[in-house]
1. Residues in the range 33-53: is at least one of a type in the set (Lys, Arg), within 30 Å of Lys9 (Cβ to Cβ) and part of a strand (DSSP E or B)?
2. What tally of residues in the range 252-299 results from selecting those that are touching a Lys or Arg at 6+ places or on another chain (Cβ under 8 Å) and among the small types (Gly, Ala, Ser)?
3. Just give me the residues in the range 71-110 being more than 14 Å from the ligand (Cβ to nearest atom) and either under 25 Å from Met192 (Cβ atoms) or among the aliphatic types (A, V, I, L, M) (or both), in sequence order.
4. Quick test of your reading of the structure: Leu189 fulfils all but one of (1) at pLDDT 95 or above; (2) in a helix (DSSP H, G or I). Name the failing condition by number.
5. Restricted to the range 261-281, and to residues that are within 16 Å of the ligand (Cβ to nearest atom) and surrounded by 20 or more Cβ atoms within 10 Å (Cβ to Cβ), which residue is nearest to Ser73 (Cα to Cα)?
6. Across the range 401-425, what is the number of residues that are more than 23 Å from Val325 (Cα to Cα) and not in a strand (DSSP E or B)?
7. Got at least one residue in the range 323-338 being part of a loop (DSSP other than H, G, I, E, B), exposed (fewer than 13 other Cβ atoms within 10 Å of the Cβ) and either in contact with a Cys (Cβ under 8 Å, 6 or more places away or on another chain) or outside the structural domain of Phe13 (by TED's automatic domain parsing) (or both)?
8. Out of Ser61, Ser73, Ser67, report the one residue that is touching a strand residue (DSSP E or B) at 6+ places or on another chain (Cβ under 9 Å), modelled with pLDDT of 95 or more and hydroxyl-bearing (Ser, Thr, Tyr).
Amino acid sequence: MEKVVALTKRRGFIYPSSEIYGGLSGFYDFGPYGVALKRAIRDLWWRHMVDLRDDVVGLESTLIMPSEVWAASGHLTNFVDPLRQCLGECKKRWRADHVTGDRCPECGGPLDEARMFNLMFKTHVGPIEDTASEVYLRPETAQGMFVDFKNVLNSSRVRVPFGIAQQGKAFRNEITPGNFVFRVREFELMEMEFFVKPDSDDEWFNYWRKERMRWYTEVLGIKPDRLRMYDHPKASLSHYSKQTTDIEYEFPFGWGELEGVADRTDFDLRVHQEKSKVDLSYLDPETNERYLPWVIEPAVSLERIFITLLLDAYDEDIVNNEPRVVLRLHPNVAPVQVAVVPLSKKPELIGPAQEVMKSLRGEFRVEYDQTGGNIGRRYRRQDEIGTPFCVTIDFETLTDQAVTIRQRDSTEQERIEIKQLARRLGELVS
Ligand code: ATP
């Protein structure tokens, strides 16, 4: 983990938020390569959850929602974690379910009794700070899908079973943020509420568990032996859930939740129907049955996928008798898919190299590197940020109109005509 954290800072993936002022615990900024990786993950999720399907539509609801929503959903009373504070020297606060015994893991001092702490950030709308103006930053995007359920139903052609997907910021005032971006206070959720006929929930729950696992291994290229499914026992289920499976990854600190797949029953639609007095039922156009659909929800944050991908891809090996650090990221997600590197800074190479770069830029995430210096060093720099392919322009290019593709993982090189380059790279990337 330490090596990955150092790499992310050194190479501009992630920085602590507001670092020049000492940072803010649990908040991070994403730098140039971090943004590229994040966008790639976000786009792949949308592509596979929405664009490639005919039964899921998208939504963007607001980050701030009125307190009525959170009262109805149960978050005001139930979205709490047990908090214990050290009464000894360090006064640190801990999540009670993350410590064992009555002693502080930091300084050994006694811990006070657990009390419940609500994780939602509260603020006010308008100039007057009274209870009537209280609103909350959403701790999940899901409530937007339930509150807008009727709008989507009435304005699009969806028929149960169907899903509403959303990507966007969520905020949780975590008691103990940590393990880098595994647990942060501001993060980007990717959630999909899949509405199904009551009694078909088990079938869809199983479908989505498998489908999401497939996405991680086949689309993101995560090592299958570092993933597993963990079924929550009844006692640890959230207040809305009938059954929940976590897709877990084997992190350096142990197995941890990457994504949760939950059977939310009709809990959310039912409570919003009760509180808002708006009929949220669905009329089946074929059978004329009226019912509240049940909901299966796969939910994951970009930050969890981000750290999982980096940890999964990090490797060290020996190339040409020298140690190298390499991120073996799947070409689908690599922040730079193709680096174009002229062998030297001589003007006769720069022109053709820039031509090649421009011809590839529309199709791939391309970086152009003419910093000069040893070509091996430039390859290493690309290896470290996970670039799967380097295209090298050398003096022979001027006569044979061909370039070399160098592969990150095998370090193998192949010579190819510039005319064939985009097609060949397309093959390699997919
Ligand atoms: P925990 O009990 O670990 O606090 P949870 O079970 O309440 O978490 P969920 O509500 O299931 O978490 O969250 C859904 C998904 O959102 C998680 O699988 C994870 O990918 C992501 N997530 C939740 N909390 C955070 C956080 N603080 N930082 C980053 N990602 C988070």
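The values are calculated or read from the model by the stated rules, or taken from the named source; none is laboratory data. Computed from a predicted model, the values in this text were never measured in an experiment. In this analysis, Cβ positions are derived from the backbone assuming ideal geometry, glycine residues included, and neighbour counts consider all displayed protein chains.
1. Looking for residues that are of a type in the set (Lys, Arg), within 30 Å of Lys9 (Cβ to Cβ) and part of a strand (DSSP E or B), one finds none in the range 33-53, hence no.
2. So the count comes out to 1.
3. Step one: of the range 71-110, the residues more than 14 Å from the ligand (Cβ to nearest atom) are 71-72, 76-77, 84-93, 99-110.
Residues satisfying the conditions are Ala71, Ala72, Leu76, Leu87, Val99.
4. (2)
5. Asp268
6. Going residue by residue through the range 401-425, those that are more than 23 Å from Val325 (Cα to Cα) are 401-403, 415-425.
Then keep just the ones that are not in a strand (DSSP E or B); that gives 401, 418-425.
Selection size over the range 401-425: 9.
7. Within the range 323-338, the first condition is being part of a loop (DSSP other than H, G, I, E, B), and the residues that meet it are 328-337.
Still in the running and exposed (fewer than 13 other Cβ atoms within 10 Å of the Cβ): none.
No, the range 323-338 contains no residue that is part of a loop (DSSP other than H, G, I, E, B), exposed (fewer than 13 other Cβ atoms within 10 Å of the Cβ) and either in contact with a Cys (Cβ under 8 Å, 6 or more places away or on another chain) or outside the structural domain of Phe13 (by TED's automatic domain parsing) (or both).
8. Values: Ser73 fails: touching a strand residue (DSSP E or B) at 6+ places or on another chain (Cβ under 9 Å); Ser67 fails: modelled with pLDDT of 95 or more.
Within the list Ser61, Ser73, Ser67, the selection yields Ser61.
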